[in-house]
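In what follows, a structure is listed as structure tokens, so that the remarks can point back to it.
The values are calculated or read from the model by the stated rules, or taken from the named source; none is laboratory data. The structure presented is a predicted model; accordingly, all values stated were derived computationally and were not measured. Here the Cβ positions follow ideal geometry from the backbone for every residue, glycine too, while neighbour counts run over all protein chains shown. With ligands, DNA and RNA removed, areas are computed over all heavy atoms of the protein, side chains included. Shrake-Rupley method; radii C 1.70, N 1.55, O 1.52, S 1.80 Å.
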Amino acid sequence: MSDRVQNTVQEGKNVGNNGSLSGSVIAVAGAGGPAGRAALLRLAEAGATVIGADNDPQRLSEAVDAARYASGGATVTGDTVDLLDLQSTREWAAHIEKDFGRVDGLVHLVGGWRGSETFTKTSLDDWDFLELLLVKTVQHTSLAFHEALQRSERGRYVLISAAGASRPTAGNAAYSAAKAAAEAWTLAMADYFRKAGISEGAEGPTSAATILVVKALVHDAMRAERPNAKFAGFTDVEDLAEAIEGVWSKSAAEVNGNRLWLTEKP
């Protein structure tokens, strides 16, 4: 079950009534982290009603409040959800559609990393951890939201992945394998959207599942902690949020089943 962050509900219309996402309802999984915060704000500023989820209620409440106030009072709410529990995730998806009448997007920002000094020193405990965090949560959100997204006229499932999934390094075996598995699962969802569009008489998909690929993410706090670091090839979380918004500006056929690269291809 999920718990609504009650003190973050803002009644009334979004401030971005003329934005690119005006009238849309978009869920963000993993909303409490830096990338989640940036996505909540960007989507709200674009006119969407945004519902964030995180397993840390305090972090989620702070992220939702920050996005709501920074965007001028847009409709941003939060739910504490255990995305490792499929039934809880299904209930989250169902109550969003019931409360807001539709679901136009699920942005999957649940992240985490573990690595090793060498391939030989890889710990399978790292795989067990990352398989839950990076794969299981994707399985649950995709299974919970796919039907609602297909019912939408502009449904989008957006996975954030890493370049390492395509070119793993020796010390990142567990992380890269988990990211690759999450990508494969998302591409299977894209095939569902393709076939569903055709079965409904469309020439192609009417909803889409797509993958945004980064090398790694960076935000202001990281720069403050390491002022001399260059973070070469990293994507700023605000640039990622802009790219997430941009997924809705393209047709379903353009993005469905595609990897959209925000860093140099390996």
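Pairs needed: first member in region 165-186, more than 15 Å from residue 260 (Cα to Cα) and acidic (Asp, Glu); second member anywhere, open to solvent by 40 Å² or more (accessible area, probe 1.4 Å) and assigned to a helix (DSSP H, G or I); C-beta distance under 7 Å; at least 6 residues apart or different chains.
So the pair list comes out empty.
Take the residues in region 216-254 that are under 16 Å from the mean Cα position of the chain (by Cα) and assigned to a loop (DSSP other than H, G, I, E, B), then tell me which one is modelled with the highest pLDDT.
Once the filter is applied, the top-ranked residue is 248.
If we keep just the residues of region 207-236 that are under 30 Å from residue 194 (Cα atoms) and not small (Gly, Ala, Ser), which is surrounded by the fewest Cβ atoms within 10 Å (Cβ to Cβ)? It would help to see each step written out before you state the result.
From region 207-236, those under 30 Å from residue 194 (Cα atoms) are 207-216, 235; that's our starting set.
Adding the requirement that they be not small (Gly, Ala, Ser) leaves 210-215, 235.
Numbers: 210: 24, 211: 23, 212: 23, 213: 22, 214: 22, 215: 18, 235: 20.
Checking each candidate, the answer is 215.
Only one of these is β-branched (Val, Ile, Thr) and closer than 27 Å to residue 176 by Cα: 211, 198. Name it.
Working: 198 fails: closer than 27 Å to residue 176 by Cα.
None of the others qualify; the one that does is 211.
Give, as residue ranges, the strands (runs of 3 or more DSSP E) completely inside region 76-174 that count at least 2 residues that are open to solvent by less than 70 Å² (accessible area, probe 1.4 Å) and modelled with pLDDT under 95.
Values: elements: 76-80, 105-108, 156-162.
Qualifying strands (runs of 3 or more DSSP E): none found.
Would you point out the residue of region 237-254, among those that are open to solvent by 50 Å² or more (accessible area, probe 1.4 Å), in contact (Cβ under 8 Å) with a residue 12 or more places away in the chain and not acidic (Asp, Glu), that is nearest to residue 165 (Cα to Cα)?
Residue satisfying both the conditions and the ranking: 253.
Just wondering, is there one or more residues in region 255-262 that are within 20 Å of residue 154 (Cα to Cα), of a type outside the set (Lys, Arg), in contact (Cβ under 8 Å) with a residue 12 or more places away in the chain and assigned to a helix (DSSP H, G or I)?
So far as region 255-262 goes, yes, one or more of its residues are within 20 Å of residue 154 (Cα to Cα), of a type outside the set (Lys, Arg), in contact (Cβ under 8 Å) with a residue 12 or more places away in the chain and assigned to a helix (DSSP H, G or I).
Could you list all residues from region 188-202 that are without any contact (Cβ under 8 Å) to a residue 24 or more places away in the chain and either outside any helix (DSSP H, G or I) or surrounded by 20 or more Cβ atoms within 10 Å (Cβ to Cβ) (or both)?
Residues of region 188-202 that are without any contact (Cβ under 8 Å) to a residue 24 or more places away in the chain, as a first pass: 188, 195, 198-202.
Listed by number, the residues that qualify are 200, 201, 202.
Among the residues in region 53-65, are any open to solvent by 10 Å² or more (accessible area, probe 1.4 Å) and in contact with a Pro (Cβ under 9 Å, 6 or more places away or on another chain)?
No, there is no match, as no residue in region 53-65 is open to solvent by 10 Å² or more (accessible area, probe 1.4 Å) and in contact with a Pro (Cβ under 9 Å, 6 or more places away or on another chain).
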